[in-house]
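Chemist: Mind having a look at this structure? Questions to follow.
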Amino acid sequence: MQPGPDSNSQQQQFWGEQQNSPSLQQYPPIQQQVIILNPKYQPELNLRLISTGILILGIAISIALPFIGIEESGSVLFQISAYICCSSFILALLIDAVYLKGKSDWQTSIGMSNTWSLVSLVLSILFALGLIFILVLSLIGDQSI
């Protein structure tokens, strides 16, 4: 005959005196994760709005300048307005490049892909350099005449 289970050991196991039952174990509290589905880049100083304002102001001045300046000859005013328009494009593109650099750094910091921000950054800088080259050539060409 086999000895029966000791009633004392059963009682100790039942009351959890010798080992912890799974129901009495304490688990750490579950931490809730907050996932933002579509995070948006919102810097304190929005350089994109500033670059847009500079571009609109430069275009408006370049359009209005030939009509305002009556005393000067038309060709000089059209050249000055073209320089102002080109300069406003250059300035707006360079400020937008600074905005895109900040956006690229932000995307990298949160683990998002920054490929399109970098492509836009490079294209903005290349386009601005092209406009600077055209502006310098135009200024040099006007002085030689």
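Chemist: Picking from Ile84, Ile90, Ile80, Ile95, which residue would you name as being of a type outside the set (Ser, Thr, Tyr), within 23 Å of Ile134 (Cβ to Cβ) and in contact with a Gly (Cβ under 7 Å, 6 or more places away or on another chain)?
Modeler: Among Ile84, Ile90, Ile80, Ile95, only Ile84 is of a type outside the set (Ser, Thr, Tyr), within 23 Å of Ile134 (Cβ to Cβ) and in contact with a Gly (Cβ under 7 Å, 6 or more places away or on another chain).
Chemist: Which one of the conditions (1) at pLDDT 95 or above; (2) of a type outside the set (Gly, Ala, Ser); (3) over 16 Å from Arg48 (Cα atoms) does Ile70 fail to meet, given that it meets all the rest?
Modeler: (1) is the only condition that Ile70 fails.
Chemist: Further question: Starting from the range 97-125, keep only residues that are under 21 Å from Leu45 (Cα atoms) and at pLDDT 95 or above, then list their pairs with residues that are surrounded by fewer than 17 Cβ atoms within 10 Å (Cβ to Cβ) and among the hydrophobic types (A, V, I, L, M, F, W, C) whose Cβ atoms are within a distance under 6 Å, requiring at least 6 positions of separation or different chains.
Modeler: Between residues of the range 97-125 that are under 21 Å from Leu45 (Cα atoms) and at pLDDT 95 or above and residues that are surrounded by fewer than 17 Cβ atoms within 10 Å (Cβ to Cβ) and among the hydrophobic types (A, V, I, L, M, F, W, C), the close pairs are Ala97/Ile125; Ser104/Leu118.
Chemist: Kindly list, by first and then second residue, each pair from a residue in the range 38-52 that is under 11 Å from Leu100 (Cα atoms) to a residue that is among the acidic types (Asp, Glu) and surrounded by 12 or more Cβ atoms within 10 Å (Cβ to Cβ), limited to pairs with Cβ atoms under 9 Å and residues at least 6 apart or on different chains.
Modeler: Between residues of the range 38-52 that are under 11 Å from Leu100 (Cα atoms) and residues that are among the acidic types (Asp, Glu) and surrounded by 12 or more Cβ atoms within 10 Å (Cβ to Cβ), the close pairs are Leu47/Asp96; Arg48/Asp96.
Chemist: Give the number of residues within the range 105-145 that are in contact with a helix residue (DSSP H, G or I) (Cβ under 8 Å, 6 or more places away or on another chain) and over 14 Å from Arg48 (Cα atoms).
Modeler: 14
The values are calculated or read from the model by the stated rules, or taken from the named source; none is laboratory data. Computed from a predicted model, the values in this text were never measured in an experiment. For neighbour counting, all protein chains shown are included, and Cβ atoms are generated from backbone atoms with ideal geometry for every residue, glycine included.
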